[in-house]
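Data block below; observations after.
Computed from the coordinates by the stated procedures, all read-outs in this text should not be read as laboratory data. Fair warning: this is a prediction, and the values are worked out from it, not measured in the lab. Note: ideal-geometry Cβ built from the backbone for every residue, glycine included; neighbour counts use all protein chains shown.
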Amino acid sequence: MMHRFLSQCVFAGVLLLGASTAWAERLKDMAVVSGQRANQLIGYGLVVGLDGTGDNAGSNPVTGQTVLTMLNSLGVSVPAGVNLQARNAAVVMVTAELAALARPGQVMDVTVSSLANARSLRGGTLLMTPLRAANGQIYGQAQGSVVIPGASVATAMIRTTINQQSAGRIPGGAMVEQAAPEADQNPVVEFNFHKADFAQTQRAVEALVGVMGADAVVPVDARTIAVRVPTERTQRLNTMAQLLELNIQPVPEIAKVVVNARTGSVVMNQSVRLAPFAVTHGNLTIRVQASNQVVPAALMPRYRPLIQRNELAGIDTGPAGQMVRVDEGATLEQVVRAINLLGATPQDLMAILQAMKSAGALRAELEII
């Protein structure tokens, strides 16, 4: 029996060791290389082949002008003054994202969104559309069949629609025509972390110094670290691959509580702490208690006494006015659970959490979305 107990303890220790090792994050998950980012592209195009669900040319002359411009570019002459009733066409805006270091010939996914009053883009085909960046240059061309995720059923009296019909996507519908400007082969590379944290930056500096040396690593601020790397392409590639796969122990997040005002959902991280406080809200009384019980060593031979934590949460819907003390050992999870068991509204929950924050009892950042 004792051998089995010791085996379980060893197995638990192995699990804890593996969890602590797995908790380390790679540098590529915590930071990005400065200058290597995606670029947003946008274009104005025309979707054709719609089954009468395109733009209404009577109230929207833009579609007719776009069709005339497209026909003229293809060598088709249309007499002046002709008002095209192109109900099978729709003007759209096309958006895409040019990935970092993308090269000509690679494909991108594009999103096609109706610009006018088209009812649906289902079954439509996007004609060749140039995609421009913020500098006005063309970096891609988009064309293909639009995929619409929803559906629509209509009769003479009623019409039912599921999901959005006026926007869709074209997987791999754009081709890169020009590569984005590439950063110079600067011997100094900057790693920009997703969050500004001095402690996290310090741990990253220590890990980088262990690989590159103290002379090659310079912390710029709480978010940026500059590292001197080789300029020769092969050596630079090997060094960057090694640095981006480097494991860094993350620091605990700041204490934060997020409340969804529409659903009443509450999400908190493990850093949230409560100070002793007393609370009453209308006819709602919350009782949260926590106590420590010492388990005698006689119950567990050859081991020292253990401290067992006993927690109790309760609610009372009696008359209002009675203040109830909540000990410091209580957790916010117990308070939220007690409120939810009562069936209180999200407004009650937010009011209590905001009051706890204002009183200094909630030692965390409160965010309401």
Original post:
How many nm is it between the label spots at residue 218 and residue 107, if each spot is 7 Å from the Cα in line with the beta carbon?
Top reply: 4.5 nm
Original post:
Once label points are set 7 Å from the Cα along Cα→Cβ at both residue 238 and residue 141, what is their separation, rounded to one decimal in nm?
Top reply: 4.1 nm
Original post:
Give me the log10 of I(q) over I(0) for the range 184-251 at q = 0.12, 0.13, 0.22, 0.24 Å⁻¹, as the Debye formula computes it from C-alpha points; what are the numbers?
Top reply: -0.28, -0.33, -0.93, -1.09
